[in-house]
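First comes the structure, then the notes that go with it.
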Amino acid sequence: MNKNNKIHFEVSERKVLLRFFDVTFVFVAIYLVGHSLDLQYLESSVSNYYYVIALALYINIIGTVFEIYDLQVASNQYQVLRSAILTVSTTVLFYLLTPVFSAELPSNRFQILTFYFTFLFALLIWRTFYVNFLASSRFVQNVLLVCNREQVEELILDLEKSDPHYRIVAYVNSDRKKNDEFEYHYIQQIHIDDLVTFVNKNNLFEIVVASQNTEDITTDLYLQLLHLLESGNTIREYTQVYEAKMQRIPLHYITRDFYKFFPFNRSNNNQLYLLNVRIMETIISLIGLIIGTLLIPFIILGNALGNRGKLFYTQERVGKNGEIFQILKFRTMINNAESKRGVVFSSPNDNRITPFGKFLRKTRIDEFPQFVNILKGEMAVIGPRPERPFFVKEIAEIMPFYETRHVIKPGLTGWAQVNYSYGESMDDSLIKLQYDLYYIKHRSIFLDLNIVIKTFSTVLFYRGQ
C-alpha cells in the first residue's frame, strides 16, 4: 500500500467518527423502520429539527458518561455491548421524559418498544462493524522510536497503553556507547545505517525521537532524520506525543527547560472565565447541598449501623497559594484512625475504613459537605485534589513541581481523580501530579465539561476512592 493511501485516524478524529456515525446509523434506522411500518412516533422523532438536536445531544452526552467513546471500550466487543445497552436505555428514558424536546408520546407502547430496539440494534450493528473492521490491525498506527536502549520498555508501555491502535514496531538505539543487540517482544532494533531503508519499506505513521540527551543524536543519525523529514515523513518529539496521547505532563522528561512545558493556560487569569466558573460553582454547590441535606437521614442511619461515631469530620488541607483550610467531609474511617499507624496514605482496602464508609467513598457521597468549602471560596468544583500539609511537605521534597498544583484552587473532582485510581504511594502521586499539571496547562470550559461527565461515570460505575 502506498504511504499516502494509508488510512489512519488520530485519537480525536476516531472519537468524532464514532460520535457522527452513532447518530447517523440510529437516525437512518429509526426513519426506515418508522416509514416502512408507518409508525408516526418514530418518523416524527427524526423529522422535527428540535427533536433531532435533542436526541443527538442525548446520545453524545449520555454515551460519554457510559464511556462508549473511550477507545479502549470501543475496541472491545463485550464492553461495547454493555455500554451500548446502558447508553440506549438511559437515552430513551431521558427522551421519553422530556416532552418539550421530544415527540409526543404514542397511544400504544408498541411504538416505544420498536423505537428502543431499533435504536439499540442500529447502534450495535455500527459498533460491531467498527470493532471488526475500523478497529482492526489494518488501522494500526505503526511507529518507529529513536531512544536509548534503557528507555525502550518504559516508553512502549506508556504510549501503547494510551491508544490501542498506536504500535511501536521498531526502535533505533541512539546511545553510541551501547550498540549491543536488544530485543523486546515484537520490537525490531534497527541500526542507524538501516534507518532510511527500513522507513521506506514500511508504512510508518510517524517517527518519535525520545532521546533526552541531545548529544546522543549523532551527526549521522541527525542527517538521516533530516532526510526522512524532507521526504515527507512525520517526526515528532516524545514529550509532544506523550502529552497528546496520555493527556498528562511528562515530568520525568522535564529538566531546566520546564518553561516549555508550563505555558500556563490563559484561563487561569481570564476574569470572564473565572467569573463564569464561580457562578456555575455556586449553583452546583447549592444543588449539591440540597441533595446532601435530603440524604442526611439515610446517612445518619447508615452511620449508626456501620460507621459508629461522629457524622462529620474536618481536616487541614492545602489550598490555593499554599494556604491552609479545614475541609469538611462525612466521616468514613474509624474514630482515632491515625492513633496507631500515624499519618499514612489511605488505600482502597484500608482496614481503617468502615463498611458504610466504603460505600460513601465509592459513591462520592462522603464529599457532599465540601460544597460548603466551595461556597466559602476555599475550593473549586474542578481542580487538583486538596492534600494534607504533612504529605505536601513530604512529596514536595522528593518531587519537583509538586507545589505547582497550588496555583489554582483544589477541587472536589479533577482530571487526576477521573483518570487515575487512588494514590497509595509516591509513584501514584507522581502520576496524579502529571494529570494535575496537564489540567492547569489546558484548563478550559470543554475540559471542565469532560471532567464533569467523567465524574458521573466514576459514580455510576462505583469507582469512587
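The values are calculated or read from the model by the stated rules, or taken from the named source; none is laboratory data. Because the structure is a prediction, the values reported are computed rather than measured. Heads up, the Cβs are rebuilt from the backbone with ideal geometry, glycines too, and the neighbour counts pull from every protein chain shown. Quick note on the areas: whole protein, heavy atoms, side chains included, nothing else; ligands and nucleic acids left out. Shrake-Rupley method; radii C 1.70, N 1.55, O 1.52, S 1.80 Å.
Set side by side, the residues Leu375, Leu437 differ, and just one is open to solvent by less than 50 Å² (accessible area, probe 1.4 Å) and in contact (Cβ under 8 Å) with a residue 12 or more places away in the chain, which is Leu437.
There is no residue in the range 81-103 that is of a type in the set (Lys, Arg), at pLDDT below 90 and open to solvent by 40 Å² or more (accessible area, probe 1.4 Å).
Yes or no, residue by residue, for (1) in contact with a helix residue (DSSP H, G or I) (Cβ under 8 Å, 6 or more places away or on another chain); (2) among the basic types (Lys, Arg); (3) over 30 Å from Ile168 (Cα atoms):
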residue	(1), (2), (3)
Val52	yes, no, yes
Asn60	yes, no, yes
Val65	yes, no, yes
Tyr69	yes, no, no
Glu104	yes, no, yes
Phe110	no, no, yes
Trp126	yes, no, no
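Only one of the listed residues (Pro106, Pro99, Pro164) is under 22 Å from the mean Cα position of the chain (by Cα) and in a loop (DSSP other than H, G, I, E, B). That residue is Pro164.
Open to solvent by 90 Å² or more (accessible area, probe 1.4 Å) and at pLDDT 80 or above: is that true of Asn132 in this structure? Here the answer is yes, as Asn132 does meet what is asked.
Total residues in the range 336-379 satisfying the condition of being part of a loop (DSSP other than H, G, I, E, B), modelled with pLDDT under 85 and either over 18 Å from Gly306 (Cβ atoms) or not charged (D, E, K, R) (or both): the figure is 11.
Among the numbered conditions (1) open to solvent by less than 10 Å² (accessible area, probe 1.4 Å); (2) modelled with pLDDT of 80 or more, the only one that Asn203 does not meet is (1). Put simply, of Arg256, Arg266, Arg308, Arg331 the only residue that is open to solvent by 70 Å² or more (accessible area, probe 1.4 Å), in contact with a Ser or Thr (Cβ under 9 Å, 6 or more places away or on another chain) and at pLDDT below 95 is Arg308. The condition of being over 25 Å from Thr293 (Cβ atoms), modelled with pLDDT of 85 or more and open to solvent by less than 40 Å² (accessible area, probe 1.4 Å) holds for Val418.
Being more than 27 Å from Arg149 (Cα to Cα), within 27 Å of the chain's Cα centre (by Cα) and at pLDDT 75 or above narrows it down to one of Ile287, Ile249, so name that one. The unique qualifying residue is Ile287.
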